[in-house]
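Undergrad: One structure follows; several queries about it will come next.
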Amino acid sequence: MSKYRINESSRAFKTLLPGLLLACAVQASASVTNPRIGALIWSDEFNGTVLDTRIWTPYDGNGCQIGLCGYGNAELEYYSPRNLTITNVPFESGTRALAIQARRERQGSNEFTSGKIDSYNKVQVKYGMVEIRMSTPDLTTGLWPAAWMLGTSPQAWPRKGEIDIMEMGHKASEWSQSGASSANHFVGANVITWNQAACVPGNETCAASTAWKTKNWYVPATPLVNRFVKYRLYWTDTEMRFTVEDNGVEHDMYDKPLPVNSDALKAPFYLLLNMAVGGNFTDAATPSDVTAPLPSTMYVDYVRVYELDGQGEVKLGNQTVPELGKFGVYTDNSAVNAKLEAGTTSDIWVWNNNSIGGGSLGPYEGNNVLAWSYNKPGDWFGASIQSRSVRDMTNFRNGTVKFRIKIPANVSFNIGLADTYTNVNWLNFPANTTTFGLVRNGDWATATIPVSTLAGPLVALQSVVDMFMFSSDGNNIPTTAFQFAIDDIVWDSGTAAQSGPQYVTQVAPTTIQFTSTVGEWTDLHYTVNDGDPMNVRMRLQNGVSTFEASGLKAGDVVRYNFTYWDAAANHAVDTVQQTYTMR
């Protein structure tokens, strides 16, 4: 759906509790052409009275609020939560559904409103059979309904991957070539990933589309207007298949299954449902081009995920687990609790290939090094080490980032950090000046930066993606060529990673986090400065119980102990009291 997107009640839960991983065993091989559909793993039936915000997040804006006006597609609508309801379907008695309505009404600079929801950080799907029963209104020209998915990776689109289970509202030049008589007689699917071969002028994002000059549609005999059909994605670790079940008959959109030949398609995705008005995908570039009757409503009866040939999993809630102890961003031999591996869990991006290329300097430690040659005096340079998944670094707020660098003393440079919300902070290392302990003598030297200083006031440590950025100083661009290298980049929380099952970590000047890694449930008992006792049930997610206490200050003495349920012993266990003093 989002061709240029950068990043973006009572309910029948089939999945028990948030944070639970629902999965089935993975078989050695799986088929999407003769699938064995297993148990229902998860669903939202949209049978309640209001949208379940445990599952879905409504959009409120036109894209400008995230610096992407028109959501990168020149869309004409403003997405408003007011356009989302759970209601009785007028053309099918007894059915309740999610209604997404497009209206011709002004909101700010937009002449249309509509609705959009996603399940980011709430529901993630990997493999299985995804089935969506939905109907669309008369599209004529201008309406663009879609049910689709985006990868949960923080990487920019299209590297995170996009799976379009269904899209309608195409340009006439597209649907007419298929033999369809109108936009209401044509529905398509698509998969978009990054591919080097797609990096050509006019496609600077390097987006590779499986629908490019490929049959990827279904043309029904009866218009897809105000009637339900089922759209299905069959997804395994090797293949994808898209179908439409219309009046009990299943039709393939592609002539044959698609190979899963990108790592992006082997990772979790989240769900999106929306109906855009106008945009690059349609023939409505301006409000006057929209001829669809308004208001118009698309209905989603349900979204379901089933086991498919032994594959399929759904994860609920935020899956980002806080890092602890020492975290290696780029290192070989340093003792760390966890680390990134270039090409596997991280990518190294060079932002200006015209100015720097591969260098010849050897490593500080181990066998690997970030060695570059600056070849174009007067031009800027920059690079980043980007994690392929969001990293929660809140436990490092009072810690440091250490790195080794070998660079001429007369070169001024910057070190930076960025989160998934586009917040960035940079620190300058002037030429011929000792900064953060870095001795500028042209040889290998070490800098140690407080995390609080590197993050600055804006970077969200709970959602870091660019773990280390390096750039030229815009006010002092080098005037001569040189070699430089960076190595052994390590985040250090300042305290060893806890080896016991319960511990406390100071995550901010005023906040501490209690953690328990054992027990089917854990209660926390604590006092501050021997004040009134506090007793709370800790939040359990992915086998880890946590609770944050805030409003504290340096010098406060926190005494605490835990009570947890030992399932193996079938009884509760009280731990000994411990003490933590706020720093």
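Undergrad: Being assigned by TED's automatic domain parsing to the domain that holds Glu131, out of contact with any Asp or Glu (no Cβ under 8 Å at 6 or more places or on another chain) and more than 19 Å from Tyr231 (Cβ to Cβ) is the requirement here; does Ser178 meet it? Walk me through how you get there before you give the answer.
TA: Values: assigned by TED's automatic domain parsing to the domain that holds Glu131: yes; out of contact with any Asp or Glu (no Cβ under 8 Å at 6 or more places or on another chain): yes; more than 19 Å from Tyr231 (Cβ to Cβ): no.
In short, no.
Undergrad: State yes or no: is Lys160 assigned to a loop (DSSP other than H, G, I, E, B) and more than 29 Å from Val290 (Cβ to Cβ)? Steps first, please.
TA: On the way: assigned to a loop (DSSP other than H, G, I, E, B): yes; more than 29 Å from Val290 (Cβ to Cβ): yes.
Yes: the conditions hold for Lys160.
Undergrad: Does Ala409 qualify as being surrounded by fewer than 17 Cβ atoms within 10 Å (Cβ to Cβ), over 30 Å from Val125 (Cβ atoms) and modelled with pLDDT under 95?
TA: Numbers: surrounded by fewer than 17 Cβ atoms within 10 Å (Cβ to Cβ): yes; over 30 Å from Val125 (Cβ atoms): yes; modelled with pLDDT under 95: no.
So Ala409 fails the test.
Undergrad: Any idea how many residues of region 94-118 are surrounded by fewer than 24 Cβ atoms within 10 Å (Cβ to Cβ), assigned to a loop (DSSP other than H, G, I, E, B) and either under 28 Å from the mean Cα position of the chain (by Cα) or of a type in the set (Val, Ile, Thr) (or both)?
TA: Of the residues in region 94-118, 1 are surrounded by fewer than 24 Cβ atoms within 10 Å (Cβ to Cβ), assigned to a loop (DSSP other than H, G, I, E, B) and either under 28 Å from the mean Cα position of the chain (by Cα) or of a type in the set (Val, Ile, Thr) (or both).
Undergrad: Can you say whether Ser373 is in a strand (DSSP E or B), surrounded by fewer than 20 Cβ atoms within 10 Å (Cβ to Cβ), touching a strand residue (DSSP E or B) at 6+ places or on another chain (Cβ under 8 Å) and hydroxyl-bearing (Ser, Thr, Tyr), as far as the supplied structure shows?
TA: Numbers: in a strand (DSSP E or B): yes; surrounded by fewer than 20 Cβ atoms within 10 Å (Cβ to Cβ): yes; touching a strand residue (DSSP E or B) at 6+ places or on another chain (Cβ under 8 Å): yes; hydroxyl-bearing (Ser, Thr, Tyr): yes.
Answer is yes for this residue.
Undergrad: Separate question: Look at region 278-290 and say how many of its residues are on the phi < 0 side of the Ramachandran plot and out of contact with any Gly (no Cβ under 6 Å at 6 or more places or on another chain).
TA: At the first step, the residues of region 278-290 found to be on the phi < 0 side of the Ramachandran plot are 280-290.
Within this subset, residues satisfying the condition of being out of contact with any Gly (no Cβ under 6 Å at 6 or more places or on another chain) are 280-281, 283, 285-289.
Matching residues across region 278-290 total 8.
Undergrad: Something else now. Among the residues of region 179-236, how many are in a helix (DSSP H, G or I) and modelled with pLDDT of 95 or more? First the steps, then the outcome.
TA: Within region 179-236, the subset in a helix (DSSP H, G or I) is 183-185, 196-198.
Pick out the ones that are also modelled with pLDDT of 95 or more and you get 183-185.
Selection size over region 179-236: 3.
Undergrad: Within region 122-136, take every residue that is touching a helix residue (DSSP H, G or I) at 6+ places or on another chain (Cβ under 9 Å) and assigned to a loop (DSSP other than H, G, I, E, B) and give me the one that is farthest from Val300 (Cα to Cα). Spell out the reasoning first.
TA: At the first step, the residues of region 122-136 found to be touching a helix residue (DSSP H, G or I) at 6+ places or on another chain (Cβ under 9 Å) are 126-127, 136.
Narrowing further to those that are assigned to a loop (DSSP other than H, G, I, E, B): 127, 136.
Values: Tyr127: 21, Thr136: 9 Å.
Among residues in region 122-136 that are touching a helix residue (DSSP H, G or I) at 6+ places or on another chain (Cβ under 9 Å) and assigned to a loop (DSSP other than H, G, I, E, B), the one farthest from Val300 (Cα to Cα) is Tyr127.
Undergrad: Return the residues of region 236-251 that are over 16 Å from Asn216 (Cβ atoms) and buried (at least 20 other Cβ atoms within 10 Å of the Cβ); say none if nothing qualifies.
TA: Thr236 - this is the single residue of region 236-251 that is over 16 Å from Asn216 (Cβ atoms) and buried (at least 20 other Cβ atoms within 10 Å of the Cβ).
Undergrad: A further question on this structure: Could you name every one of the strands (runs of 3 or more DSSP E) located completely within region 326-369 that has at least 3 residues being of a type outside the set (Val, Ile, Thr)? Let's see the steps before the verdict.
TA: On the way: elements: 326-330, 346-350, 356-358.
So the answer is 326-330, 346-350.
Undergrad: For region 484-504, which residues satisfy the criterion of being in a strand (DSSP E or B) and at pLDDT below 85? Talk me through it step by step, then tell me what you get.
TA: Just the residues of region 484-504 that are in a strand (DSSP E or B), to begin with: 484-492, 502-504.
Within region 484-504, Gln502, Tyr503 qualify.
Undergrad: Additional query: Of everything in region 250-290, what is in a strand (DSSP E or B) and in contact with a helix residue (DSSP H, G or I) (Cβ under 8 Å, 6 or more places away or on another chain)? Give them in sequence order.
TA: Step one: list which residues in region 250-290 are in a strand (DSSP E or B), which gives 250-252, 254, 258-259, 269-277.
Selection gives Ala276 alone.
For every residue, the table says whether it meets (1) among the aliphatic types (A, V, I, L, M); (2) touching a strand residue (DSSP E or B) at 6+ places or on another chain (Cβ under 8 Å); (3) over 30 Å from Ile385 (Cα atoms).
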site: Tyr79; (1), (2), (3): no, yes, yes
site: Arg104; (1), (2), (3): no, yes, yes
site: Phe112; (1), (2), (3): no, yes, yes
site: Arg133; (1), (2), (3): no, yes, yes
site: Leu143; (1), (2), (3): yes, yes, yes
site: Pro154; (1), (2), (3): no, yes, no
site: Pro158; (1), (2), (3): no, yes, no
site: Asp164; (1), (2), (3): no, yes, no
site: Asn184; (1), (2), (3): no, no, yes
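Undergrad: Can you tell me which residue within region 35-71, out of those that are buried (at least 18 other Cβ atoms within 10 Å of the Cβ) and in contact with a helix residue (DSSP H, G or I) (Cβ under 7 Å, 6 or more places away or on another chain), is modelled with the highest pLDDT?
TA: Here the residue is Asn62.
Undergrad: Where the second residue is among the acidic types (Asp, Glu) and part of a strand (DSSP E or B) and the first is under 21 Å from Pro533 (Cα atoms) and lies in region 568-583, which pairs have Cβ atoms under 7 Å and are six or more apart or on separate chains?
TA: Taking only residues 6 or more apart or on different chains, the pairs are Val573/Asp566.
Undergrad: Enumerate the pairs (first residue in region 441-453 and within 24 Å of Asn410 (Cβ to Cβ); second residue anywhere and of a type in the set (S, T, N, Q) and outside any loop (DSSP other than H, G, I, E, B)) with beta-carbon separation below 7 Å, excluding pairs fewer than 6 apart on the same chain, so at least 6 apart or on different chains.
TA: Note: pairs meeting the criteria are Thr448/Thr400; Ile449/Thr400.
Undergrad: Continuing with the same structure: Can you find, within region 252-299, the residue that is nearest to Glu77 (Cα to Cα) among those that are surrounded by fewer than 21 Cβ atoms within 10 Å (Cβ to Cβ) and β-branched (Val, Ile, Thr)?
TA: Among them, the one singled out is Thr286.
Undergrad: Considering only region 381-393, I want to know if a residue exists there that is more than 33 Å from the chain's Cα centre (by Cα) and either on the phi < 0 side of the Ramachandran plot or polar (S, T, N, Q) (or both). Break it down into steps so the answer makes sense when it comes.
TA: From region 381-393, those more than 33 Å from the chain's Cα centre (by Cα) are none; that's our starting set.
Among the residues of region 381-393, not one is more than 33 Å from the chain's Cα centre (by Cα) and either on the phi < 0 side of the Ramachandran plot or polar (S, T, N, Q) (or both), which makes the answer no.
Undergrad: Residues in region 417-434 that are modelled with pLDDT of 95 or more and either in a loop (DSSP other than H, G, I, E, B) or more than 26 Å from the chain's Cα centre (by Cα) (or both): how many?
TA: Number satisfying all stated conditions: 8.
Undergrad: Here's something else I'd like to know. In region 63-93, which residues are outside any strand (DSSP E or B) and within 19 Å of Thr297 (Cα to Cα)?
TA: Initially, region 63-93 is screened for residues outside any strand (DSSP E or B), giving 63-76, 80-83, 89-93.
Result: Glu75, Leu76, Ser80, Pro81, Arg82, Asn83, Val89, Pro90, Phe91, Glu92, Ser93.
Undergrad: If Asn368 meets every condition in (1) touching a helix residue (DSSP H, G or I) at 6+ places or on another chain (Cβ under 9 Å); (2) over 21 Å from Gly416 (Cβ atoms) apart from one, which number is that one?
TA: Status for Asn368: all satisfied but (1).
Residue-wise test of (1) part of a strand (DSSP E or B); (2) under 25 Å from Thr515 (Cβ atoms).
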site: Trp380; (1), (2): no, no
site: Val390; (1), (2): yes, yes
site: Asn395; (1), (2): no, yes
site: Val401; (1), (2): yes, yes
site: Asn410; (1), (2): no, no
site: Ile415; (1), (2): yes, no
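Undergrad: Give the residues of region 547-578 that are surrounded by fewer than 10 Cβ atoms within 10 Å (Cβ to Cβ) and of a type in the set (Ser, Thr, Tyr), sorted by residue number.
TA: none
The values are calculated or read from the model by the stated rules, or taken from the named source; none is laboratory data. All values reported here derive from a predicted model rather than from experimental measurement. Glycine also receives a Cβ, built like all others from the backbone with ideal geometry; neighbour counts cover every protein chain displayed.
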